[in-house]
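Structure first, then comments.
Here, each number is a calculation from the coordinates, and none is a lab measurement. These numbers come from a predicted model, not from an experiment. All Cβ positions, glycine included, derive from the backbone under ideal geometry; neighbour counts span all protein chains shown.
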Amino acid sequence: MLSPLTLARSGRVLRNRLVVAAMTNKQSNADGTLHDDELRWLARRAEGGFGIVTTCAAHVSPEGQGWEGELGVFDDAHIPGLRRLAGAIEGSGALSLVQLFHGGVRAPSSLTGQRPWSASSFSLPGEGFEVPRAASAEEIERTVEAFGAAAARCEAAGFSGVELHGAHGYLLSQFLGSRSNQRDDAWGGPSIERRARFILAALDAARARTSERFVVGVRISPEIEDIGVDLDESLQVARWLVEGGADFLHVSLWDAWKPSRKRPDSPKPLTTLFREALPEGFPLMIAGGIWTPAQAAEIMAQGADLVAMARAAIGNPDWPRQAAEPGFEPARPPFSPERLRQSALSEAFVDYMRRWPGFVTDGRPAAG
Ligand SMILES: Cc1cc2nc3c(=O)[nH]c(=O)nc-3n(C[C@H](O)[C@H](O)[C@H](O)COP(=O)(O)O)c2cc1C
């Protein structure tokens, strides 16, 4: 996990296999421009030795915003801040990626001033989501173009690449899901070919608007019950993403040791199923419950080339540097607010982490 990796097309060299996964942190300005707190938080992980540092999900168009304090990439006015951020991350030797995002049904009108839209009109269980309207073909085409334009802005700002957020039930996965996408035009319907068209078009747009040196990866969730994302279809989509020119595939698992819902008795872990679906040597990144070097090594032995960490990287900004020493055991939550502040989290981010069960000593209690 401490050995370098060269990404084939771009020729970019990662100093190791350790990745800071995208984390929403509520630290950007209300207009989507960079705040210094966001820069400090990410630059600190680059200093800590991670090979890739990914920004939070950043919205490619104003109506795609999912949370307050989210980074924006929908306007050239965002470029100066992005440039400072890329410089700070790359200046410490990490590869910098922006995660490109649109919330779809998860972009509330209270934030955007518009009724959310998605592939179809459907209702999500729980949490009080609004019922989205179905997008017109013209809106879809405009949003595909917005992904491309956002990627171009990231390259202009000096980022090494982007990761398209096709996971966790946001817009790109809403198009993939059979429940959330019941269109009967070229962008959806019963066949996965048509439901995958949006994510492949977004990839294509990002590739078309950037140079060969620019990295374009894609993050997906293999299974999402409430919107109908299915494991076998996800394995097929993964192969199409490779053919479509993705530089890496990032599979988000939340718990990389949990068996598939569809195949609970499969002797093969999900990481291995994706490894086997991809061409040999194609970079596979896995995230989900990885805390220790031993766990990272186990996931790599199952077939991952890159391991992404979110919660472990919050409390252990120097994880990669420390992992070079034998016997390193990363600290685990609950973390005190003081420790989190010392780890370059601002008050807004510490407060957000209080909502994650068991994470902050004075936050929401751990389940059970
Ligand atoms: C505070 C927080 C914010 C997150 N925000 C995002 C996000 O913006 N985009 C995304 O793809 N995943 C997001 N995630 C999910 C993580 O990237 C990761 O997949 C998940 O936390 C599981 O990894 P872990 O066990 O290492 O934390 C977030 C996770 C946390 C803890």
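Here are some notes:
- The stretch between residue 332 and residue 347 holds 3.4 nm of extra length on full extension. This uses 0.36 nm per residue minus the Cα-Cα distance.
- Positive-end ranking of 196, 250, 292 along the dipole of the chain, with charges on Cβ about the Cα centre, is headed by 292.
- Summarised in one figure, the compactness ratio Rg/Rh of segment 198-322, Cα atoms and Kirkwood Rh, is 0.98.
- In a simple Cβ point-charge model (Lys, Arg +1; Asp, Glu -1; nothing else charged), the chain has a dipole of about 500 debye relative to its Cα centre.
- Listed residues 287, 137, 151, most fluctuating in the chain (Gaussian network, C-alpha, under 10 Å): 137
- Computed over segment 73-168, the range of Cα coordinates on each principal axis works out to 45, 29, 22 Å, biggest value leading.
- Here segment 122-176 is treated as a sphere whose radius is the Kirkwood value from Cα pairs; by Stokes-Einstein at 37 °C and 0.692 mPa s it diffuses with a coefficient of 246 µm²/s.
- Fewest neighbouring Cβ atoms within 10 Å first, the residues 163, 141, 338 line up as 338, 141, 163.
- The ranking of 120, 109, 10 from fewest to most other beta carbons within 10 Å of each one's beta carbon is 109, 10, 120.
- Euclidean distance of C-alpha centroids, segment 126-185 and segment 22-78, integer Å: 17
- Counting every other Cβ atom within 10 Å of each residue's Cβ, 50, 198 order from fewest to most as 198, 50.
- GNM flexibility winner over the chain from 164, 85, 235 (Cα, springs under 10 Å): 235
- Computed over the chain, the P(r) curve from all C-alpha pair distances, binned at 20 Å from the origin, holds 31, 63, 6 percent per bin.
- Signed unit charges on C-beta, dipole axis of segment 5-332, positive-most listed residue 11, 238, 216: 11
- Max mean-square fluctuation residue, GNM over the chain, Cα-Cα springs under 10 Å, options 84, 12, 355: 355
- The shape of segment 1-93 comes out prolate: with a ≥ b ≥ c from the C-alpha gyration tensor, a/c is at least 1.5 and a/b beats b/c.
- With the charge dipole of segment 284-368 set up from +1 on Lys and Arg Cβ and -1 on Asp and Glu Cβ about the Cα centre, the Cα lying farthest toward the positive end among the listed residues 319, 335, 348 is that of 348.
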